[in-house]
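Heads up, the thing below is written out as structure tokens.
Each value in this text was obtained by applying a stated rule to the coordinates, not by laboratory testing. The model shown is predicted, which means the values in this text are computed figures rather than measured ones. Cβ placement follows ideal geometry from the backbone for every residue including glycine, while neighbour counts extend to all protein chains displayed.
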Amino acid sequence: MEKISAILITLNEEKNLEACLDGIRWVDEIVVVDCGSHDGTKELALKYTDKFHYRAWDSFSRQKAHALDLASNEWVLSLDADERVTKELTEEIRQAAGSGTFDGYLLKRDNYFLGKLMRGAGWQHDYQMRLFRKSKARITDRLVHEGFEIDGAVGRLSNPLKHFTCTSLSAAFAKMNEYTSLEAIEYAGSRKSSGGAAVLHSLSAFLRSYVSRRGYRDGMHGLVLSLVNSVTTMLLYMKIWEIQRNGKTKAPLIR
């Protein structure tokens, strides 16, 4: 069997980390790169690995690139602390890494919002590059929504990765605020913003999420998620307007 390294970046993940690491205790190496947790993240991580590293925060992509550099095996599994690898996915990952068929694999995520598995709102078709050969991988240099790109053949695994994001509305709003601040920096030079643009884009985001992407299938959860998507879009365009008005272009060190 091919040896596999798992990599994670963390900040105050005490509530999530142990369940994540417990599901990957079978890997040959776990590398955790932390940017200054002040809860029990470090202590929990050290129960599963001695490769716990500190790196001052500058961006998601650079934290993950550093974690990738620290991985000692050719095959790498990249995870977030709120994700869970099932027994079925474990077996598929091990077989895929040993087959030599592809250089990277997209994993489908089952996304949970406020504890419910979402079947609509666009969350039902979420594939992420998470298993790959280190020598074939590079990470996109973005402030947010970064991802791994593979110089080679790419396949898909059939068993889903469980993703328990936004377990409360307060967590959803905190994530919304952080991500829109970073996205606004990225888009300020290419998108125009105004009051009308903020309203129209947010309305479009709601209709796309709730109607076109069938958020209505998830009942109240789908409605709330579609409203969150709408507010997120409005906030993004408001922040773009603020940046363009004030001429700020430096990415905020939110963490």
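Taking 37 °C and 0.692 mPa s as conditions, the chain diffuses translationally at an estimated 169 µm²/s according to Stokes-Einstein applied to its Kirkwood radius (Cα pairs). Taking every DSSP helix (H) stretch of at least 4 residues in the chain, weighting each as -39,500 (n - 2.57) and dividing the sum by the residue count yields a mean residue ellipticity at 222 nm of -12000 deg cm²/dmol. Which percentage, to the nearest 5, of the DSSP beta bridges contained in the chain is antiparallel? Given both bridge residues lie in the chain, the antiparallel proportion sits at roughly 40 percent.
Which of Met129, Met220, Met238 moves most in a GNM of the chain, Cα contacts under 10 Å? Maximum fluctuation in the GNM of the chain, among the listed residues, is at Met220.
Summing charges over neighbours of Leu77, with a neighbour being any other residue whose Cβ is under 13 Å away from its Cβ, gives +1 when K and R count +1 and D and E count -1. Among Met220, Leu161, Leu200, which residue has its Cα positioned farthest towards the positive end of the charge dipole of segment 124-246, with +1 placed on the Cβ of Lys and Arg, -1 on the Cβ of Asp and Glu, and the dipole taken about the Cα centre? Checking the options against the dipole of segment 124-246, the answer is Leu161. The long axis of helix 169-187 is offset from the longest Cα principal axis of the chain by roughly 80 degrees. Compared with the dominant principal axis of the Cα atoms in the chain, helix 60-70 is inclined by about 10°.
Approximating the spin labels as points 7 Å out from Cα along Cα→Cβ, the His66-to-Ser135 distance works out to 2.7 nm.
Extension gain for the segment Lys175 to Met1, taken as residue separation times 0.36 nm less the Cα-Cα distance, is 58.8 nm to one decimal. Please label the shape of segment 134-229 as rounded, prolate or oblate, based on the square roots a ≥ b ≥ c of the eigenvalues of the alpha-carbon gyration tensor (a/c under 1.5 means rounded; beyond that, a/b larger than b/c means prolate, else oblate). It comes out oblate by the Cα gyration axes.
Taking a Cβ cut-off of under 10 Å around Ala121, the surrounding Lys, Arg, Asp and Glu residues balance to a net charge of +4, with basic ones at +1 and acidic ones at -1. What the Cα atoms of segment 1-101 give is an Rg and a Dmax of 13.2, 42 Å. Rounded to the nearest 10 degrees, the angle from helix 87-99 to the longest Cα principal axis of the chain is 70 degrees.
Summing charges over all other residues whose Cβ lies under 11 Å from the Cβ of Leu106, with Lys and Arg as +1 and Asp and Glu as -1, gives +3.
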